[in-house]
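Notes to accompany the following structure.
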Amino acid sequence: MTKEQLKLRSMIVTALFAAIIGIMAQLIIPLPLVPITGQTLAIGLAATILGSRYGLISVLLYLAIGSAGVPVFAEFSGGISKLIGPTGGFLVGFIPAVFIIGYYMEKTGYTYKNAMIANTIGMLITLSFGSAWLKISADLSWMAAFASGFTPFVIVGLIKAALASWIGILIRQRLITAKLLIPVHTVEKEKSF
């Protein structure tokens with residue numbers, strides 16, 4: 001198989017992840033102001049499986065599709081108003097989160113331990129962006145913004161980080177074995193789990 005064919009397969013998997021994020025966004029536990037969704041789990045999976053470059057592309061594609069009005073955001077919503085509304089900071093926070101998760105994994109190796117550290121950092125980045133945006137857009141105090149946009153999501157975020165790490169490492173190894181994903185580095189620490 002040529003390098004171009006492998007790259008095409010990686011791009012197809014990347015596009016599929018944009019769709020997976022949209023599907024998982026519909027898994028919702030309603031809370032006042034900000035619901036718990038499956039988006040952050042999907043973001044962690046995308047970063048853990050695809051790495052910084054393709055993970056970032058999948059998130060940017062997801063955000064572009066949603067901003068164009070396709071109902072891929074939580075509660076089957078879409079449009080630019082979601083990005084600039086009270087919960088838009090969580091969506092925008094996916095961009096640095098997915099890149100940093102993937103970058104951390106590329107630099108430290110694709111192990112469960114490294115994935116858990118990276119996904120926890122990514123979760124904290126997303127929650128921080130979301131809370132800061134919530135403070136500004138909803139005109140809340142810092143205490144109220146963190147009470148609404150950060151604190152209720154930490155425990156669930158750690159559970160999602162653990163799931164994204166475990167499932168992500170497993171799927172990544174299988175995709176590479178099936179030649180559906182190109183490893184970022186020629187020497188990767190993929191073996192230890």
Margin query: Against the condition among the hydrophobic types (A, V, I, L, M, F, W, C), at pLDDT 95 or above and assigned to a helix (DSSP H, G or I), how does Ile12 come out, does it pass?
Written below: no
Margin query: Tell me the residue from Ile43, Ile36, Ile21, Ile29 that is surrounded by fewer than 21 Cβ atoms within 10 Å (Cβ to Cβ), closer than 24 Å to Thr87 by Cα and either aromatic (Phe, Trp, Tyr) or within 17 Å of the chain's Cα centre (by Cα) (or both), please.
Written below: Ile36
Next item on the list: With the condition kept exactly as written, say whether any residue in region 16-39 is in a helix (DSSP H, G or I), under 28 Å from Leu140 (Cα atoms) and hydroxyl-bearing (Ser, Thr, Tyr).
Entry: no
Margin query: Pairs needed: first member in region 54-80, farther than 14 Å from Ile95 by Cα; second member anywhere, assigned to a helix (DSSP H, G or I) and among the charged types (D, E, K, R); C-beta distance under 6 Å; at least 6 residues apart or different chains.
Written below: Phe73/Lys82
Checklist line | Residues of region 124-155 satisfying the condition of being of a type outside the set (Gly, Ala, Ser) and surrounded by fewer than 15 Cβ atoms within 10 Å (Cβ to Cβ) | finding: Ile136, Asp139, Trp142, Met143, Thr151, Val154, Ile155
Notebook entry, point to check: In region 111-128, is there at least one residue being over 24 Å from Gly22 (Cβ atoms), aromatic (Phe, Trp, Tyr) and modelled with pLDDT of 95 or more?
Noted result: yes
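The values are calculated or read from the model by the stated rules, or taken from the named source; none is laboratory data. All of these numbers come straight from a predicted model, not from anything done at the bench. Cβ coordinates were reconstructed from backbone atoms using ideal geometry, including for glycine residues, and neighbour counts include every protein chain displayed.
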